[in-house]
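What follows is a short report on a single structure.
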Amino acid sequence: MSPRQTRSKLFSGLTGVAVALLVGILLVIVGDAVRGGWTRLSWEFLSTAPQEGMTAGGIFPALWGTTVLTLLMTIAVMPVGVITAIYLSEYAPEGSRLAAVVRVAVQNLAGVPSVVFGLFGLGFFVRFVGERMDAALGGELKWGQPGLLWASLTLAVLTLPVVIVATEEALRTVPADLRSASLALGATKSQTLWRVVLPGAVPGILTGAILAVSRGAGEVAPILLTGAAYYLPDLPRSLSSQFMHLGYHTYVMATQSPDVDATRPLLYATVLVLLALTFTLNLVAIVIRSRSRKLASS
Amino acid sequence: MIALTIQAVGLSGIAAVLLIVIFVGREALPILRGDGEAGFDTLFLPQPLRPGKPPGFMWQPVGEVPKLSMIPLLLGTLKVTLVAMVVAVPVALAAALFTSEFAPRRLRELLKPVIELLASIPSVVLGFFALMTLAGWAQSTFGLPSRLSALVAGLAMAIAIVPVVFTVAEDALTAVPRSYREASLALGATPWETAWRVVLPAAAPGVFAACVLGFGRAIGETMIVLMASGNAAIVSLSLSDSTRTMSATIAAEMGEVVFGGTHWSVLFFIGLQLFALTLALNWVAGAFVRRTLRRLGGTA
Amino acid sequence: MSAQPKVKVRRLSIHYRDKTAVKNLDLDIAERQVLALIGPSGCGKSTFLRALNRMNDLIPGARQEGEVLLDGQDINGREIDVVDLRRRVGMVFQKSNPFPKSIFENVAFGLRIAGLRDKAELTARVEASLHHAALWDEVKDRLAESALSLSGGQQQRLCIARALAIEPEVVLMDEPASALDPLSTAKIEELMHELKSRYTIVIVTHNMQQAARVSDQTAFFYMGELIEVGSTAHLFTNPGVKRTEDYVTGKFG
């Protein structure tokens, strides 16, 4: 082999090492969580509340809070995100300035740090909308403080770009032929949208929703400022209640535990649950996407 | 009518960005106007610390005389971000080259989901990993004086930004037409020479954009630094010192401030700076991505 | 030829951005006959066809001058609803484009969007349309199967059935057999003979023999202009213009 070929083999081999390193890191992180948390994982752990200053018991309230939070977020973000994507891909005229501005805005929104979304939630939802609602409702402090609704709406704004981008891509994969066929049969634009385009885009829209849920469920910085609580004896009773959350629970247990050694197994088990949740969601999204791509190309 | 409603909702993206500027800006207004207790001078210029000592930079927001210098936080953010970039960029670019140039098709189809999984790890989990595992390993390996430092936070943050850099860079590399590669190989270049001298330069603006986006992500990353940097707001260039970043300051202190006070406004002002920084970086990256696509004959 | 043409085209020009695709064209299309449009690719025949049911509206930057009269009424007039127009003037595309729905639902699509709910009538009209498109015998036992499970030729006949289901007056066909094997092509040509007893048909084709076999009238397009139009027999055996002769005898194209 010539020296040039040897060098080629060497360097391309090194790029392979980088990939192996990344796979290794992923395995170490997962392995770490599994090794540390596996033994504590049980039905009881998932279904009971923390006890004795988080050194015993389970994570049910955090699991519940995360679920309700992401559900509310999804209800808020999906219609807005999907309609925005419909506007961009179906209604905006080609070369539209306005649509171009929307696209730039969405791109920039995706790059805004999550902690800034927290500040935004605090400044807009809590301080602006909430305080005005309280004033209108008679002055009692209820909405003018961090809580479940404001946290979920903050996350909805944060995940908006995820939904818009995924939906727009899904709409674009519906062949133009099918649109022409529908219009040529005398369907109106909205009939074509509802009966031909959207049904074809369902897998892609679903992928977007799942990715948004995965992202929303794991974000801690925004809810830190808009409603997550360290410990609550009761489950949230209203949309204005504070709530517990898996990610925030992890943060608190990792950094503020009174008894580190007693907390450690619970902490690992919590991380394991959070990771399992995120990975499952993402794997489902990956599978749906690759299936629908295969269908589209066949 | 329907079309009008759809268009109105379609403006949500613009509305979101505007609302963020307006309502984060509104809380930071006392700082921007300079009519509160703190202004640009207290935040960025040296201030008297103790009687008899030269003026300096200090972040100590709670106390009789709050000291609110941005300098330790800016420096801390820069330190952690630089560590993350120095580690993440070579690894991410190498992995992107491997995926686009050297990996067999099957492997490539497998690698992308793996990177997606890596990207999906919540940053609080990476912070936890840094705190529980990485910190101890780094301390014993590098012989550091303390467990938590800019170095540990930067290493953990590298894991968070590798997927960002990888994804954008890989897209840019894949966009390079096959004819470039065939031309180079037909001239007797080795696969590595083709990748390094033909494909990478052709995709350069996109690869640069990938790095800029990674940088933006690192500056705003919060939970990892909050958990792994040690959070001491000191002016120091050493990577092994405990460090406090802008983002972590917001997250750590927002829970304890008085609604509407000076400290409160300063925290929102820090948020505004983060927003402006990432916006600028995004804009730069966007311009470079468009340039790559135009250069390679695609459409932006 | 019947006294009153079904479609009258007057001084029609169509431009895409800075390019003119159809130039100052006059043409009459007789009722219940087959008109074939022939000419080399890029000569404007497909663009012209799409002007007859205003599918060009969907192309950004397309502009049009002149008139297209359907039963004496300007189809671009303000009182014309484009959706109604497309129900009266159906279209079959070059590439078959069935929806990813069942065979039945594909044919029922146009009826459903027109508001037909009655199950019995839906079934009857779907069956009738499949008969007209000579597809019924092949699919009658598998109406609930996906349309994508059909062969290419069957898919195209399904698209024809789908277009016929809403009982248009005019059917436009844009090279409907160009992607099909000879057997399927023969079936579709045969179909056209049957269809012209009920419908006015305009077909774009690349294939001279096909034009000769299926059409009553033939129009020859070249560079966006209508060079010659006349009865098919006449045009193929005794063209009036040199360029038409060159094209139909295969000297260029």
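The values are calculated or read from the model by the stated rules, or taken from the named source; none is laboratory data. Everything numeric in this text was worked out from a predicted model, so none of it was measured. Cβ placement follows ideal geometry from the backbone for every residue including glycine, while neighbour counts extend to all protein chains displayed. The area values use the complete protein model at the heavy-atom level, side chains included, leaving out ligands, DNA and RNA. Shrake-Rupley method; radii C 1.70, N 1.55, O 1.52, S 1.80 Å.
Results for (1) part of a loop (DSSP other than H, G, I, E, B); (2) of a type outside the set (A, V, I, L, M); (3) farther than 24 Å from B:Val65 by Cα; (4) away from chain A (no Cβ under 14 Å), shown as yes or no for each residue.
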position: B:Pro201; (1), (2), (3), (4): no, yes, yes, yes
position: B:Ser236; (1), (2), (3), (4): yes, yes, no, yes
position: B:Val258; (1), (2), (3), (4): yes, no, no, no
position: B:His263; (1), (2), (3), (4): no, yes, no, no
position: B:Trp283; (1), (2), (3), (4): no, yes, yes, no
position: B:Thr292; (1), (2), (3), (4): no, yes, yes, yes
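Counting only residues that are within 12 Å of another protein chain (Cβ to nearest Cβ) and touching a residue at least 60 places away in the same chain (Cβ under 8 Å), give me the helices (runs of 4 or more DSSP H) lying completely in the stretch C:95-175 with at least 1 of them. Walk me through it before giving the result.
Values: elements: C:103-113, C:119-132, C:136-139, C:152-165.
Ranges flagged: C:152-165.
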Residues satisfying the stated conditions in the stretch A:129-158, i.e. open to solvent by less than 10 Å² (accessible area, probe 1.4 Å), over 29 Å from A:Leu88 (Cα atoms) and within 13 Å of chain B (Cβ to nearest Cβ): A:Gly130, A:Gly144
Tally up the residues in the stretch C:61-81 that are at positive phi and open to solvent by 60 Å² or more (accessible area, probe 1.4 Å), please. 1
Can A:Thr263 be described as under 30 Å from B:Gly230 (Cβ atoms), open to solvent by less than 10 Å² (accessible area, probe 1.4 Å), among the hydroxyl-bearing types (Ser, Thr, Tyr) and within 10 Å of another protein chain (Cβ to nearest Cβ)? no
Condition first: more than 8 Å from chain B (Cβ to nearest Cβ) and open to solvent by less than 10 Å² (accessible area, probe 1.4 Å). Now tell me which residues in the stretch A:100-128 satisfy that. A:Gly121, A:Val126
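If you check A:Thr255 against the conditions, is it surrounded by fewer than 19 Cβ atoms within 10 Å (Cβ to Cβ), within 14 Å of chain B (Cβ to nearest Cβ) and β-branched (Val, Ile, Thr)?
Details: surrounded by fewer than 19 Cβ atoms within 10 Å (Cβ to Cβ): yes; within 14 Å of chain B (Cβ to nearest Cβ): yes; β-branched (Val, Ile, Thr): yes.
Yes.
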Are there helices (runs of 4 or more DSSP H) fully within the stretch A:55-140 with at least 3 residues that are more than 28 Å from B:Phe275 (Cα to Cα)? List them. A:60-86, A:131-136
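Which of the residues that make up the stretch A:190-231 are closer than 30 Å to C:Leu52 by Cα, within 14 Å of chain B (Cβ to nearest Cβ) and buried (at least 18 other Cβ atoms within 10 Å of the Cβ)?
If the condition is that a residue be closer than 30 Å to C:Leu52 by Cα, within 14 Å of chain B (Cβ to nearest Cβ) and buried (at least 18 other Cβ atoms within 10 Å of the Cβ), then A:Gln191, A:Thr192, A:Leu193, A:Val197, A:Leu198 are the ones that fit.
Within the stretch C:196-205, is even one residue out of contact with any strand residue (DSSP E or B) (no Cβ under 7 Å at 6 or more places or on another chain) and within 14 Å of chain A (Cβ to nearest Cβ)? Explain how you work it out, then say what you get.
Initially, the stretch C:196-205 is screened for residues out of contact with any strand residue (DSSP E or B) (no Cβ under 7 Å at 6 or more places or on another chain), giving C:197-198.
So of that shortlist, the ones also within 14 Å of chain A (Cβ to nearest Cβ) come out as none.
Looking through the stretch C:196-205, none of the residues is out of contact with any strand residue (DSSP E or B) (no Cβ under 7 Å at 6 or more places or on another chain) and within 14 Å of chain A (Cβ to nearest Cβ).
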Yes or no: the stretch A:256-264 includes at least one residue that is outside any helix (DSSP H, G or I) and touching a Leu at 6+ places or on another chain (Cβ under 8 Å). yes
If I filter the stretch B:20-45 down to residues being without any contact (Cβ under 8 Å) to a residue 12 or more places away in the chain and in a loop (DSSP other than H, G, I, E, B), which single residue comes out as surrounded by the most Cβ atoms within 10 Å (Cβ to Cβ)? B:Gly39
State whether one or more residues within the stretch A:174-187 are open to solvent by 10 Å² or more (accessible area, probe 1.4 Å) and either within 12 Å of chain B (Cβ to nearest Cβ) or within 30 Å of A:Leu274 (Cα to Cα) (or both). no
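May I ask you to verify whether C:Ala212 is open to solvent by 30 Å² or more (accessible area, probe 1.4 Å), under 18 Å from the mean Cα position of the chain (by Cα), at pLDDT 90 or above and among the hydrophobic types (A, V, I, L, M, F, W, C)?
Details: open to solvent by 30 Å² or more (accessible area, probe 1.4 Å): yes; under 18 Å from the mean Cα position of the chain (by Cα): yes; at pLDDT 90 or above: yes; among the hydrophobic types (A, V, I, L, M, F, W, C): yes.
Judged against the criteria, C:Ala212 is a match.
Pick out the one residue from A:Gly186, A:Gly147 that is over 30 Å from C:Gly90 (Cβ atoms) and of a type outside the set (Ser, Thr, Tyr). Steps first, answer last, please.
On the way: A:Gly186 fails: over 30 Å from C:Gly90 (Cβ atoms).
Result of the check over A:Gly186, A:Gly147: A:Gly147.
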